[in-house]
Amino acid sequence: VLALILLVMVADGWRVNDRYIRTVDPETVFPSDTVIEHLRSELAPAERAFPPAGMAGYGPSELSVHGIPTVTGIQKFRLEWYERFTGGLGMQNVGTIAALGLLDVGFIVAGPGISSEVLAMEAVGPRGAAYRVLSDVPHAFFPRRVEATPDTAEALRRILEADPLELAIVEGDVAPAAGSGMAKITRYEPNELVLRVEAGQAGLLFLSEVYYPAWRAEIDGEPAEILRTNTAFRGVVVPAGSHEVRFRYSAAEFRIGFMVSGIAAAAALVWLLIGFLRWRTAAARASSTGLEES
């Protein structure tokens with residue numbers, strides 16, 4: 001009976017998911033165009049695009065359908081630190097040069113005809129244009145100066161007015177040292193990020209990835225503390241020398257749920273096995289008794 005119930009649950013889930021996924025072909029609703037193809041070919045690993053609301057014919061999540069990382073999107077969850085940094089759902093702060101650099105925005109997608117010293121139009125499509133952001137802020141780097149403050153509002157105000165390469169603010173009472181060196185991404189996946197770091201001087205390495213407590217950091221396999229930096233991002237103190245810095249997503253809720261599900265499944269299998277063995281034993285005894293009587 002238990003096996004039948006499990007089979008029905010799996011079959012029902014498969015049926016519902018199959019119908020949901022195949023409700024519509026994304027290409028018919030969000031067709032590709034010149035701008036989308038340009039972004040897919042020109043964006044560097046981990047680099048992002050920004051389609052400001054109302055400035056082009058692309059929805060907040062449309063570019064993501066085509067595999068283009070963006071700083072916008074509609075989800076059923078909202079991250080407090082990220083929303084505070086961007087300025088809420090309207091993303092009022094993202095238009096600043098400092099925010100674009102900290103978010104590693106490589107392209108802004110807006111209407112044609114924008115004139116700016118920090119933007120260069122590279123592609124035009126039927127619904128907008130792709131503008132390259134002329135910024136030299138990498139995805140991971142060592143800020144020249146590091147300070148600390150427990151006041152999130154003060155930290156946000158100061159970093160939006162400063163050069164991202166010049167100043168980083170760690171939220172707390174003690175600021176780590178400012179380091180120097182280079183960092184290169186060698187692996188970039190949704191749940192894991194690996195960097196090769198050459199640090200000439202030990203200090204804080206800033207990473208343009210949103211801070212969240214479920215992320216874990218390792219330096220050469222040893223655990224390292226992730227510091228919330230510039231109100232919404234990750235920072236980690238890297239010693240001098242050549243190192244591998246790895247970030248992994250490891251949510252406790254997922255681990256506990258996985259363990260409970262595994263234990264429950266194992267218990268169900270053991271219960272079925274015991275029941276089968278008891279049935280076999282009873283059947284064997286009944287057969288033996290029948291033979292003795294005959």
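The values are calculated or read from the model by the stated rules, or taken from the named source; none is laboratory data. Since we're looking at a predicted model, the values are computed, not measured. Heads up, the Cβs are rebuilt from the backbone with ideal geometry, glycines too, and the neighbour counts pull from every protein chain shown. For the accessible areas, the whole protein counts, side chains as well, though only heavy atoms, and no ligand, DNA or RNA atoms are used. Shrake-Rupley method; radii C 1.70, N 1.55, O 1.52, S 1.80 Å.
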* the stretch 104-126, residues that are closer than 20 Å to Ile74 by Cα and either assigned to a strand (DSSP E or B) or out of contact with any strand residue (DSSP E or B) (no Cβ under 6 Å at 6 or more places or on another chain) (or both) -> Val105, Phe107, Ile108, Val109, Ala110
* Asked: Taking strands (runs of 3 or more DSSP E) that fall entirely within the stretch 183-280, which contain at least 2 residues that are of a type in the set (Val, Ile, Thr)?
  -> 192-201, 233-238
* **Count of the stretch 193-211 residues which are open to solvent by 20 Å² or more (accessible area, probe 1.4 Å) and aromatic (Phe, Trp, Tyr)** => 1
* Is it fair to say Val10 is open to solvent by 90 Å² or more (accessible area, probe 1.4 Å) and either closer than 30 Å to Ala267 by Cβ or under 15 Å from the mean Cα position of the chain (by Cα) (or both)? -> yes
* Structure fact -> Filtering helices (runs of 4 or more DSSP H) wholly in the stretch 1-75 for at least 3 residues that are touching a residue at least 60 places away in the same chain (Cβ under 8 Å) gives 2-21, 34-42
* Is it the case that Phe247 is touching a helix residue (DSSP H, G or I) at 6+ places or on another chain (Cβ under 9 Å) and aromatic (Phe, Trp, Tyr)? -> no
* Structure fact -> Taking the stretch 145-164 and keeping only residues that are touching a helix residue (DSSP H, G or I) at 6+ places or on another chain (Cβ under 9 Å) and touching a residue at least 60 places away in the same chain (Cβ under 8 Å), one is left with Thr152, Leu156, Ile159, Leu160, Glu161, Ala162, Asp163, Pro164
* Before we move on, is Gly90 modelled with pLDDT under 90 and surrounded by 14 or more Cβ atoms within 10 Å (Cβ to Cβ)? -> no
* **Candidates Arg228, Arg246, filtered to the one that is surrounded by 14 or more Cβ atoms within 10 Å (Cβ to Cβ), in contact (Cβ under 8 Å) with a residue 60 or more places away in the chain and either on the phi > 0 side of the Ramachandran plot or touching a Gly at 6+ places or on another chain (Cβ under 9 Å) (or both)** => Arg228
* Answer yes or no as to whether Ala214 is at pLDDT 85 or above, open to solvent by 50 Å² or more (accessible area, probe 1.4 Å) and of a type in the set (A, V, I, L, M, F, W, C). => no
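Residue-wise test of (1) in contact (Cβ under 8 Å) with a residue 40 or more places away in the chain; (2) small (Gly, Ala, Ser).
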residue: Phe85; (1), (2): yes, no
residue: Leu89; (1), (2): no, no
residue: Gly95; (1), (2): yes, yes
residue: Leu119; (1), (2): no, no
residue: Glu122; (1), (2): yes, no
residue: Ser135; (1), (2): no, yes
residue: Phe142; (1), (2): yes, no
* Structure fact -> Exception for Leu100 within (1) part of a helix (DSSP H, G or I); (2) farther than 19 Å from Pro138 by Cβ; (3) hydrophobic (A, V, I, L, M, F, W, C); (4) modelled with pLDDT of 90 or more falls at (2)
* Asked: Given Ala130, Ala148, Ala168, which one is surrounded by fewer than 17 Cβ atoms within 10 Å (Cβ to Cβ), in a strand (DSSP E or B) and in contact with a strand residue (DSSP E or B) (Cβ under 9 Å, 6 or more places away or on another chain)?
  -> Ala148
